[in-house]
Amino acid sequence: MTYCVALLLNEGMVLLSDTRTNAGLDNIATYRKMFLFEEPGERVIAILTAGSLSVTQATLAKLQEAIEDPEATPETSILLAPTMLKVAEIIGATLWSVRDAVDQRLKSNGQFGAASMIVAGQRKGGVMRMFLIYPEGNFIEATEDTPFLQIGEHKYGKPILDRMVQPDTSLADGQKAVILSMDSTLRSNLTVGMPLDIAVIERDECRVTQQRRIEPGDDDFRRMSEAWSKALRMSFGKIPLSI
């Protein structure tokens, strides 16, 4: 399983993903789930992935192959697409074609390969946009009413986002929110695990402005986790029982 979260804020976008794909008793696997494509100053695209590793890896490989194709066109390459909407359409169509091919091979065993993605980015002269792409290739877009998207094991980390994240949330507070959202998920579900990848894309920069991998035992992450636990305990103790 996995957990990925992305915020669409007035100041920019904040992205966070874990790296665990298997959490069996004797088989813990780690794979990157955040992929960044950029032509600094011209366009930046981030893709977060969840679900079948064979589907997501094949989809990313096909997208990269299309980028490197000498005959690439705005209809085939996400780095040539005229809008972020077109980027989402290319990725959705690629995800669906890969999933369909995988399902054809697996259906004899009654198995299926499903995956979902978050796609976020901006091109020069355009606005920041963020999409959640479903396994079928269709997608929805983040809005001012819902300025964040999640994929994977999202239920444990959603409450803090619902309460804290608004379009006018600062990038600093956005990073705090996604990290504490991830901390809640890590504490509640062993199928989500470190290391974590976090990235920030500031509005109109059209490049990744901050990027970091948070390793197990990271002191900054530990201090934030402990401070959050302490704050929750203190707030809980102050709430009167009125029922």
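What follows draws every value from the coordinates through simple rules; no lab data is involved. Treat the numbers as computed from the prediction; the structure is a model and nothing was measured. A quick note on method: Cβ atoms are made from the backbone with ideal geometry, for glycine too, and the neighbour counts reach across all protein chains shown.
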Checklist entry - Looking only at Cα atoms, what is the convex hull volume of segment 74-184 per residue, in Å³? => result 121 Å³
Checklist entry - Counting Lys and Arg as +1 and Asp and Glu as -1, each charge on the Cβ, what is the dipole of segment 127-232 about the Cα centre in debye, to the nearest 20? => result 300 debye
Checklist entry - Fully extended, how many nm does the chain gain between residue 226 and residue 162 (0.36 nm per residue separation, minus their Cα-Cα distance)? => result 20.9 nm
Checklist outcome for this item: Semi-axes in Å, largest first, for the chain (Cα gyration tensor, √(5λ)) are 31, 23, 16
Item to check | Amide H contacts under 5 Å for residue 12, placed H, 5+ residues apart | outcome: 203
Checklist entry - When N counts the residues of segment 148-195, how does its alpha-carbon radius of gyration compare numerically with 2.2 N^0.38 Å, as a ratio? => result 1.12
Checklist outcome for this item: Mean projected area, convex hull of alpha-carbon positions in segment 130-243, reported to one decimal in nm², is 9.9 nm²
Checklist entry - About the Cα centre of the chain, what is the dipole size in debye to 20, counting +1 per Lys and Arg Cβ and -1 per Asp and Glu Cβ, all else neutral? => result 820 debye
Next on the checklist: Need the full-extension length gain, residue 30 to residue 204, defined as separation in residues times 0.36 nm minus the C-alpha distance. One decimal, nm.
Outcome noted: 59.4 nm
Checklist entry - Looking at 190, 161, 80, which one has the Cα that reaches farthest to the positive end of the dipole of segment 3-236 (charges on Cβ: Lys, Arg +1; Asp, Glu -1)? => result 190
